[in-house]
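A quick write-up on the structure given underneath.
Readers should treat all values here as calculations from the given coordinates under stated rules, not as data from a laboratory. Quick caveat: nothing in here was measured; it's all calculated off a predicted structure. FYI the Cβ positions are ideal-geometry reconstructions off the backbone, even for glycines, and counts take in every protein chain you see.
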Amino acid sequence: MCWHDGAKYGIYSSYYRRQLTAQGAKLTMITANKLGVSFGGEPLFRNVTFTINPGDRVGLVGTNGAGKTTLMRVLIGEQTAAEGGVIKRPSSVVSYLPQEGVVLSQTTVHEEVMKAFGELTTMEKRIAELSQEVSRRHGEEGDEYRDLLDELGELQHRFEAMNGFAAKGEVDKILMGLGFQPKDLNRPCSEFSGGWQMRIELAKLLLCEPDLLMLDEPTNHLDIESLTWIENFLRTYHGGILLISHDRAFLDALTTHTYELTNKHLTVYTGNYSTFASEREKRRELQRAAHENQQKMIADTERFIKRFRYKNTKAAQVQSRIKMLEKLEWIKLPEADESEIYFRFPSAPRSGRVVVELKNVTKRYDDNLVLNDVDFALERGEKVAFLGRNGEGKSTLSRIIAGAESFDGQRILGYNVEIGYFAQHQAEELDPRLTVLDTVDAVAVGDIRTQLRSLLGAFLFHGDDVFKPVSVLSGGEKSRLALAKLLLQPRNVLILDEPTNHLDMASKNVLKRALQEFEGAIILVSHDRDFLRGLIDKCIDFRNRKIKEYIGGIDDYLRRHGSETVEDAFGPRSAPSETPTAKGNGTDSAASRKERKRREAEMRNKRYAATKDLKGKLETIERSVEKLEEEKIESESLLADPKIYADGERSAEVQKRMEEIQAKLSDLYSRWERVAADLETVQAEFEQ
């Protein structure tokens, strides 16, 4: 959707729009002035002020529910702010892609996308009509005929100046980049799923070349190849961008400013997401220190007031301090960061070495052949990503491995295998009568039961949200709850299909850390590169109904495919330079595969042996620290009670014990750092 001065607008060509805005290139495109929005009397955000200038690349970040989408809707005029206003430069064209809800007509894909060139299409039809009329009246004389020739010449000149002859080529280029095949272009839009219709709408917006492109979670419906293509496309985009995304790698690649919407206010940072995260942590540390200093000052002041309240000689000073406290603007502690929540999977029975093996697997839906004669094996402890274009069979093979899909071929489960499977449809299997808290409490076992509220907070269920019945939850909320429920059950194989779709940055960090420490095998279907980095050790590429296996992490895979150049040296996609281990139909020869598996198992055993004792030492130290910290808190509570000082012997005893605890903790922390450094060195050697 494109807007001009706040209303739906007939799309200018980029050529004419650049002419219109050339004189005002340095002017602000859009300004938010003290915006405020409330729902049911409760403010969602208030006093939000910022500007976006030509060429700015802004990432709008914050937890789910902070109001990011609402703010975008206010900026384009789809929603009215209760306070403040929005000022747009009159000549600016603004385009907006919502998260969902785009419904397209029965026109073909190509016809729908060509609507982005509304003026060109009208002009082309008029040129055809005039050409036919001029041809019919060839040889005539008179003013009327000369007027026809003049109009035809002027239109042809404008059409050429607006690059009209290249328009269809641009349409094809954009659609191919977003994953469409040539055979798709003449299919009706209504035949495509909601995710593919969002891609069609995105193609229209990219072809509009608006001055400001506003994108709300544009990567949700993209596979890793299309995501990489649009990332490269937007790097060279001439206009400004306002982007909501929970894909850290995408934000880092594109943004130059970060606007954080949190705690009902907006804070502006210069830099991409990683720069913002570092700067925010520095600010939070300063805020914590300022809060601590203020609390100490308040305590000292209150003690002074209490001590001298009834002394005439100190009355003026006491009153002065009382007034000072009344006028004091209290410094709040920074909002709790859910990414600091620690979650560990419940212990599961140890499986056999090979947890699942597929032989000669073929899958078709009616006449549509999805997978053809595929072999695959997964071993205990392996962490694997399924990658490739949408529609190539990643989710289908995941369901086959999970035992949720019929197929032709063999599926062999290993000894003692317990599979946990998550996909978006799992949300529909939740009991609608239970509350959020009851749903997870029913499956939780062990110590984790004491942390269920914190865990649900990490999955974006805050406060009284945990008492909501499942029946009133949105689709995204149900998906998050289904994922949390799965992670609380003892499993030694996890198959997760797009687990991060409805999670924010903090929630993804909690999940990623837990998966990194998970000792079983994992299959991940995901296009989130930052989530996959440091998590997987093997990639399976799906292409042309076959699979190919690549040893290494996501960056190794992307380098081999020429999809992404790492370490900030980004450029256009190059020809694949893959070094697959596959031959012929996409599988290893039996001998080479057996040898590779043997070497990998040998390496894992060596790594386990080399790190086992160090990990054990760390756990022992951590348990000792935990006990001493608890004792320290108890001693601090005793010393905070004025009554203890009535017994001089007892207070001296507690103070002495506090000193002993502090000394032991200092020693334990030093030992922990040494062991952790040794463990890190050993692990780095094996990774090399």
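Above 32 Å, the calculated P(r) of segment 354-588 contains 24 percent of its Cα-Cα pairs. Among 547, 87, a tally of other beta-carbon atoms within 10 Å of each Cβ gives an order, fewest to most, of 87, 547.
Could you please tell me the mean projected area of the C-alpha convex hull for segment 275-335, averaged over all directions and given in square nanometres to one decimal?
4.6
Here segment 186-219 and segment 433-494 have alpha carbon centers that stand 34 Å from each other.
What FRET efficiency comes out for residue 193 versus residue 281 if R0 is 51 angstrom and r is the Cβ-Cβ distance? Round to the nearest 0.05.
On the way: r = 40 Å, r/R0 = 0.78.
Result of the calculation: an efficiency of 0.80.
Amide H contacts of residue 379: 355, each under 5 Å away and 5 or more positions distant or on a separate chain (H built 1.01 Å from N in the peptide plane; Pro and chain starts excluded).
Between residue 603 and residue 624, the modelled label-to-label distance comes to 3.5 nm, taking each label 7 Å out from Cα in the direction of the beta carbon.
For residue 312 and residue 293, calculate 0.36 nm times their separation in residues minus their Cα-Cα distance, and state this gained length in nm to one decimal. Working shown, then result.
Working: separation 19, 0.36 × 19 = 6.84 nm, distance 2.95 nm.
Between residue 312 and residue 293, full extension yields an extra 3.9 nm.
The distance linking segment 64-105 with segment 274-288 is 29 Å (Cα centroid to Cα centroid, whole angstrom). Proximity of backbone amide H atoms, modeled 1.01 Å from N, is registered between residue 390 and 223 at under 5 Å, excluding neighbours fewer than 5 places apart on the same chain.
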